[in-house]
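The values are calculated or read from the model by the stated rules, or taken from the named source; none is laboratory data. Bear in mind that the values here come from a model prediction, so they are computed numbers and not experimental data. Cβ coordinates were reconstructed from backbone atoms using ideal geometry, including for glycine residues, and neighbour counts include every protein chain displayed.
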Amino acid sequence: MKYLIKNGRVIDPASKIDDMIDIIIADGKIVEIGKDLNLKSSETIDAKGKIVAPGFVDMHTHLREPGREDKETIKSGSRAAIRGGFTSVVCMPNTEPPIDNSGVVKLVKDIIKKDALCNVFVVGAITQVRAGKRLTNISQMKKEGIIAVSDDGSCIEDKSLMLGALKDCKKDAILLIDHCEDIRISSGGVMNKSFISTKMGLRGMPKEAEYIMVKRDIDLAEKASSRIHIAHVSCKESVELIRKAKRDNVEVTAETAPHYFALTEECCVTYDTNTKMNPPLRTKEDVEFIKKALADGTIDAIATDHAPHTDSEKDVEFDFAPFGIIGLETALSLSVMELIDKKVLSWPDLISRMSTNPAKILGIDRGNLKKGSTADIVIIDPLKEYIYNKDSVESKSKNSPFINWKLKGKLCDVFVRGKVVMRDESIVVGSS
Amino acid sequence: MKNNTADKIVWAKKDLLGLEYLSREEIEVILYTAQSFKEVTTRQIKKVPALRGKTVVNLFYEPSTRTRASFELAAKRLSADVINIEVEASSVKKGETLIDTGRNIEALKIDIIVVRHNCSGAPNILARSVKSSVVNAGDGWHEHPTQALLDMFTLKSKLGHIEGLRVSIIGDIAHSRVARSNIWGMTKLVAEVTVCAPPMLIPEGIEKMGVKVTSDLDEALKNTDAINVLRMQFERDTQKAFPTKLEYFKQYGITDQRLKKCKKDIVVMHPGPINRGIEMSSDVADGANSVILEQVTNGIAVRMAVLYLVAHAKREIVA
């Protein structure tokens with residue numbers, strides 16, 4: 001099948017394109033990109049008033065399969081990804097069992113081959129059963145196809161083990177993604193530690209719990225001459241440390257999630273467990289720093305930290321609820337509202353944070369619209385407003401604080417490897 | 001208190017979740033209503049038919065004797081039917097969820113759920129899941145509104161007013177729901193509140209609640225009209241904050257000697273149960289300035305007022 005996308009504003013930061021041009025897709029690839037293209041035997045998609053961009057790449061997704069298929073599956077999660085314009089997602093290894101050996105990697109890859117509606121890349125654990133005690137066989141998992149390692153959800157406390165892990169990753173040329181949290185400091189906290197947690201009577205997780213580990217990781221990465229990627233940056237101090245490390249030429253990259261620039265700790269006051277995440281929602285000042293860091297490139301990528309949990313797990317006391325929210329389907333709209341409309345990022349900058357940069361950090365051949373590239377493409381209506389209601393959620397879990405919010409900026413069409421997977425806001429592959 | 005305005009206000013809240021959520025006027029309505037119920041509790045026949053035909057459920061996820069007994073008596077003196085349910089709260093135990101429990105209790109056609117829970121915010125979550133009234137009998141470190149109301153009621157009956165009084169709250173502020181409710185209530189009634197605790201037991205940002213903060217007991221006692229001394233619980237977090245119980249008593253314990261340097265008629269309150277010789281010496285607990293037992297007595301009148309008001313929410317209150 002051949003497609004011609006016409007009349008759209010094509011944005012491809014990788015080739016510095018931001019122009020009213022056309023794209024021809026054939027055999028899964030971009031075969032032509034330029035002005036006034038025509039092709040008779042193709043389906044033409046009129047993208048007038050819309051933005052055409054490389055499909056988004058989510059560096060941080062929890063798809064819960066295997067083990068917690070009640071929360072999400074690779075199938076349902078990849079459907080949610082498509083709805084949100086993510087043509088590639090990276091699934092974290094905190095499954096049951098965890099993805100900590102090549103056998104589980106193979107199992108997950110098999111499910112992906114069978115069920116995934118978009119590209120799903122696999123992350124392996126750094127330590128066996130994610131216990132922070134012994135390293136996994138990273139090189140063997142790499143042979144089986146993992147593209148990064150992480151103990152996400154947990155942080156390796158043992159500094160010498162962490163240094164060893166970074167050296168291993170350097171040797172195997174693989175990215176290490178760290179969840180930075182000193183659990184001695186966060187010590188069972190459930191939200192940001194501040195006046196708000198004090199008045200709510202909830203145990204707080206101070207920012208030190210995050211940035212002390214960011215500092216440690218930067219030091220160890222420098223020592224190991226290794227790369228490191230800091231997951232879900234949420235506070236001012238982490239931003240400042242990463243900014244300085246980049247200036248000092250440490251190979252550090254970082255991501256944040258939309259909720260860290262769209263919400264603050266004030267949202268917790270009703271004890272809504274969909275405001276409980278780790279790291280926790282921070283203050284207005286932190287939000288400003290996160291935005292600045294996205295603008296100046298200190299934070300390279302926007303990742304969702306999509307963390308599905310069932311209603312019955314979330315409809316409990318704040319202390320008892322699991323951390324995390326779903327995010328694949330709302331990431332673009334929140335970015336449009338908080339970053340584009342508030343003049344933090346230009347459209348090309350936003351596309352780079354959601355597509356070009358994460359693809360580059362992960363070392364995958366995605367996130368661009370170059371001739372000959374895999375045709376992972378999204379068409380966005382940047383002005384369309386809609387109500388994000390619970391019935392519309394593609395993810396198996398509905399744990400979002402944005403339910404019933406009026407959002408702006410919507411995905412219209414999505415191509416994965418040259419195939420239309422969403423057309424006019426309707427997903428056209430797989431059964432829901 | 002403006003009694004003349006208090007009886008004109010319509011009580012509109014179905015729940016009492018915390019004093020943070022109440023206005024000064026609403027707090028005054030409760031205290032005013034409690035005054036008339038106080039009279040009932042001194043009668044030969046200590047019962048009025050105000051809640052006849054209503055059912056109150058005491059749903060306690062945390063052990064409690066005095067608060068539960070106080071609520072039970074309050075409900076019975078209003079002629080309500082009362083049942084007590086004790087549950088063990090745990091995230092690990094695959095029991096019924098709080099919301100399911102609440103809805104099941106509601107299906108018994110009851111009117112008010114009085115809930116005590118070790119998790120902060122549990123009453124808030126329960127209140128939005130049921131149509132019945134929910135009264136917070138203490139949740140985690142969050143609030144214990146009826147305790148603060150009875151503290152204010154007692155203080156007012158001793159000193160005639162709350163506005164302008166200097167009140168110091170002494171002890172483990174960080175882990176105290178009594179402290180938080182007292183701060184909200186007293187500051188709304190325009191008392192000048194000071195909190196005093198060892199540095200590790202002063203919670204982040206507490207000064208934003210409009211209180212003075214000190215770790216110096218003498219400063220907290222100087223020129224103060226009343227003190228509210230919290231029960232010191234040597235648990236997980238508090239243990240780290242202090243070397244020994246004796247050292248705590250030396251630095252923060254209220255003794256006769258210390259009291260001699262205070263205002264002569266200083267009011268000494270304690271939410272109970274007292275650790276004698278830790279936060280307070282026996283001579284102070286049993287001394288002339290102590291109103292600790294009066295607090296217990298007043299607790300019934302205050303809880304009668306709360307039950308009465310939430311049961312009649314959105315109806316004109318005729319005082």
Subject >> helices (runs of 4 or more DSSP H) (entirely within region B:149-263) containing at least 2 residues that are of a type outside the set (A, V, I, L, M) and within 14 Å of chain A (Cβ to nearest Cβ) >> reply: B:177-188, B:236-241
Subject >> Enumeration of residues in region B:101-141 that are more than 30 Å from B:Arg52 (Cβ to Cβ) and not in a loop (DSSP other than H, G, I, E, B) >> reply: B:Ile125
**OP:** Return a yes/no flag: does region B:99-116 have any residue that is within 11 Å of chain A (Cβ to nearest Cβ), free of Cβ contacts under 8 Å to residues at least 24 places away in the same chain and farther than 30 Å from B:Leu293 by Cβ.
**Re:** yes
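Looking at this structure, is B:Pro243 within 21 Å of the chain's Cα centre (by Cα), exposed (fewer than 15 other Cβ atoms within 10 Å of the Cβ) and modelled with pLDDT under 95?
So B:Pro243 fails the test.
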**OP:** Scan region A:298-312 for residues that are in contact (Cβ under 8 Å) with a residue 40 or more places away in the chain and out of contact with any His (no Cβ under 9 Å at 6 or more places or on another chain) and jot them down.
**Re:** A:Thr298, A:Ile299, A:Ile302, A:His309, A:Thr310, A:Asp311
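For A:Ser395, state whether it is out of contact with any Cys (no Cβ under 9 Å at 6 or more places or on another chain), modelled with pLDDT under 95 and not assigned by TED's automatic domain parsing to the domain that holds A:Lys71. Steps first, answer last, please.
Values: out of contact with any Cys (no Cβ under 9 Å at 6 or more places or on another chain): yes; modelled with pLDDT under 95: no; not assigned by TED's automatic domain parsing to the domain that holds A:Lys71: yes.
Spelling it out, it is not the case that A:Ser395 is out of contact with any Cys (no Cβ under 9 Å at 6 or more places or on another chain), modelled with pLDDT under 95 and not assigned by TED's automatic domain parsing to the domain that holds A:Lys71.
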Original post:
What about A:Thr198, is it free of Cβ contacts under 8 Å to residues at least 40 places away in the same chain and within 14 Å of chain B (Cβ to nearest Cβ)?
Top reply: yes
Original post:
Applying the selection to region A:171-195, what residues are among the charged types (D, E, K, R) and either within 14 Å of chain B (Cβ to nearest Cβ) or touching a helix residue (DSSP H, G or I) at 6+ places or on another chain (Cβ under 6 Å) (or both)?
Top reply: A:Asp172, A:Asp178, A:Glu181, A:Asp182, A:Arg184, A:Lys193
**OP:** Kindly check whether there is at least one residue in region A:205-216 that is outside any helix (DSSP H, G or I), modelled with pLDDT of 95 or more and not charged (D, E, K, R).
**Re:** yes
Original post:
Which condition breaks for A:Ile126 when tested against (1) buried (at least 23 other Cβ atoms within 10 Å of the Cβ); (2) in contact with a helix residue (DSSP H, G or I) (Cβ under 7 Å, 6 or more places away or on another chain); (3) under 25 Å from A:Val378 (Cβ atoms); (4) not hydroxyl-bearing (Ser, Thr, Tyr)?
Top reply: (3)
**OP:** State yes or no: is B:Leu17 more than 14 Å from chain A (Cβ to nearest Cβ) and within 17 Å of B:Val302 (Cβ to Cβ)?
**Re:** no
Original post:
touching a Lys or Arg at 6+ places or on another chain (Cβ under 6 Å), more than 30 Å from B:Glu204 (Cβ to Cβ), more than 14 Å from chain A (Cβ to nearest Cβ) and not charged (D, E, K, R), is that true of B:Ala80?
Top reply: yes
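Every residue, every condition in (1) away from every other protein chain (no Cβ under 14 Å); (2) surrounded by fewer than 24 Cβ atoms within 10 Å (Cβ to Cβ), yes or no:
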{"residue": "A:Lys223", "(1), (2)": "yes, yes"}
{"residue": "A:Glu251", "(1), (2)": "yes, yes"}
{"residue": "A:Ala254", "(1), (2)": "yes, no"}
{"residue": "A:Pro279", "(1), (2)": "yes, no"}
{"residue": "A:Lys292", "(1), (2)": "yes, yes"}
{"residue": "A:Asp296", "(1), (2)": "yes, yes"}
{"residue": "A:Asp305", "(1), (2)": "yes, no"}
{"residue": "A:Phe318", "(1), (2)": "no, no"}
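Which of the residues spanning region A:372-405 are basic (Lys, Arg) and out of contact with any strand residue (DSSP E or B) (no Cβ under 6 Å at 6 or more places or on another chain)?
Correct list: A:Lys390, A:Lys396, A:Lys398.
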